[in-house]
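Visitor: The structure's right below; bear with me while I get my questions together.
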Amino acid sequence: FRSVVLLDIMGTLVHDPFFDEFPSYFNLTFKELLSVKHPESWLRFERGEIDAAAFCEKFWAEEHAASQPPVSADGLLSHVRAHYRYLEGAERVLARLKATEGLGTHALSNYPVWYQAIEEELVLSKYLEWSFVSCHMGVRKPDARAYTIPTERLGVSASDAIFVDDALANVEAARAVGMAAIHFTGDWDAAEAELESWLKGRGVTLSPPAADASVTAT
């Protein structure tokens, strides 16, 4: 494929439980959770430097660990995975991308090995390849390597790729290496139009929407 779409997952295609359901597991608000959790353990988990057991063992900041309960990896994952769901409009656009000839569609996600639970719940592999997840790449967006690794492995230049993410810092980092990039702000109709325009400029026609009304997200 000479044209490539790289898609962030959490907060772009899939509801991200990190901000609401994740802290609710501990009966905390997000702000309260940030004040007591370890500042690096989740980032290390996302980079694949530690496994789930080590992440949970180091979940709390050292100064708060004695006053906080032990964290069960199975219990926490079971809680958050129940809240994985497609964002409105995402599945429709994914289906159009999948059906478009001459186009490769890949995940470019900051996430630990728990991305496998997202796949089990939603089967995103119907639409894209889980090619570039931080836990396997060893780097997280917005590190420049998070963008150059995909283009190198796919054998394309940065200008052959377009990236979609809800985090502006990640979008700006993609643009800095020469990619086209879309800042997703919650509206897949708008992002779809931008994707269609970029593809048209490369001589690629985005496949029409599926006639099957079931290919929609709720």
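Visitor: Quick one: which residues, 5+ away or cross-chain, put their amide H under 5 Å from the amide H of Val133? H built at 1.01 Å from N.
Guide: For Val133, the qualifying residues are Ser109.
Visitor: Given the options Ala174, Ala73, Ala90, which has the most mean-square fluctuation in a GNM of the chain, springs set between C-alpha atoms less than 10 angstrom apart?
Guide: The residue that fluctuates most here is Ala73.
Visitor: While we're looking at this one, here's another question. Over all distinct Cα pairs, what is the inverse of the mean 1/r for segment 56-128, reported as the Kirkwood hydrodynamic radius in Å?
Guide: Details: mean 1/r = 0.0668 Å⁻¹.
15.0 Å is the Kirkwood radius here.
Visitor: In bins 10 Å wide, starting from 0, what share of all Cα pairs of the chain does each bin hold, as a percent?
Guide: P(r) over the chain, rounded to whole percents: 8, 33, 34, 18, 6, 1.
Visitor: Hey, another quick one. Straight-line reach only, C-alpha to C-alpha below 20 angstrom: list the lysines that Lys37 could link to, leaving out same-chain residues fewer than 8 apart.
Guide: Straight-line reach from Lys37, under 20 Å: Lys58.
Visitor: Enumerate the aspartates and glutamates that Lys141 could reach by cross-link, defined here as Cα to Cα under 20 Å, with residues fewer than 8 away along the same chain left out.
Guide: Output for Lys141: Asp8, Asp16, Glu40, Glu46, Glu49, Asp51, Glu129, Glu152, Asp160, Asp165, Asp166, Glu172.
Visitor: What is the extension gain from Ala193 to Ala99, computed as 0.36 nm multiplied by their sequence separation minus the C-alpha to C-alpha distance, in nm to one decimal? Intermediate results must be reported in sequence, preceding the final value.
Guide: Details: separation 94, 0.36 × 94 = 33.84 nm, distance 1.63 nm.
Answer, rounded to one decimal: 32.2 nm.
Visitor: Quote the Stokes-Einstein diffusion coefficient, in whole µm² s⁻¹, for segment 21-81, based on the Kirkwood radius over alpha carbon pairs, a temperature of 4 °C and a viscosity of 1.567 mPa s.
Guide: On the way: Rh = 11.8 Å.
Roughly 110 µm²/s, to the nearest whole number.
Visitor: So which lysines can Lys200 reach, going by Cα to Cα under 19 Å and dropping same-chain residues fewer than 8 places off?
Guide: Excluding near neighbours in sequence, the set is Lys98.
Every number in this text was worked out from the coordinates using simple rules, so none of it is lab data. A quick note: this is a predicted structure, and the numbers were derived from the prediction, not measured.
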